[in-house]
Amino acid sequence: MPEVKKSDDGVQIDLIGGERMSGKTSMEKIRMILDSVHEGNIVILEEGLAPDEESKLIEVTMAEISPDEFSGIEIETYPRSKTSDSGFLGRLMGRESTSSKLTVIGPANQIETLHKDENLISALISRK
């Protein structure tokens with residue numbers, strides 16, 4: 001990731017586009033996400049993760065939790081518009097994959113989902 005100047009005045013949000021993730025292996029994606037979250041950042045993935053990648057992310061996170069340093073992650077995945085390639089033909093052609101969702105990941109002690117439905121995300125993000 002490019003170096004970003006840190007500030008104690010707010011919370012950094014990393015918006016990661018699908019193109020940036022497309023050439024990476026699952027473990028490279030997981031490492032990039034966790035490295036950013038370890039720094040206290042909120043990560044938003046434009047195209048989400050595949051179900052097996054989400055499972056692996058949770059598994060790796062559980063192994064890295066330590067009481068005084070890293071409290072884990074909060075992860076929420078939100079469906080996008082139903083009009084993209086999510087119809088029967090899109091699923092048949094294999095288009096209903098990670099591109100149909102948006103994923104928000106952050107430190108468990110900083111992000112709290114207040115409300116989630118198919119049209120709205122409400123989250124409370126606090127500084128450490």
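Structure notes:
- Members of LYS56/LYS116; LYS24/LYS116; LYS29/LYS101 lying beyond 18 Å, as alpha-carbon distances in this model show: LYS56/LYS116; LYS24/LYS116
- Packing rank of 61-67, 34-40, 16-22, 105-111, where each peptide gets the mean count of other beta carbons within 10 Å, highest leading: 105-111, 34-40, 16-22, 61-67
- The range 21-81 shape via C-alpha gyration tensor axes, a/c threshold 1.5: prolate
- Heavy-atom accessible surface of the range 35-74: percent carbon and sulfur, 1.4 Å: 48 percent
- Surrounding net charge for SER26, when Lys and Arg each add one and Asp and Glu each subtract one, Cβ distance under 13 Å: -1
- Estimated at 0.36 nm per residue, the fully extended path between SER71 and VAL11 surpasses their Cα-Cα distance by 19.9 nm.
- Put a dot 7 Å past the Cα of SER122, heading toward its Cβ, do the same for ARG31, and the two dots end up 4.0 nm apart.
The values are calculated or read from the model by the stated rules, or taken from the named source; none is laboratory data. Treat the numbers as computed from the prediction; the structure is a model and nothing was measured. Positions of Cβ are generated from backbone atoms using ideal geometry, with glycine treated the same way; all protein chains shown enter the neighbour counts. With ligands, DNA and RNA removed, areas are computed over all heavy atoms of the protein, side chains included. Shrake-Rupley method; radii C 1.70, N 1.55, O 1.52, S 1.80 Å.
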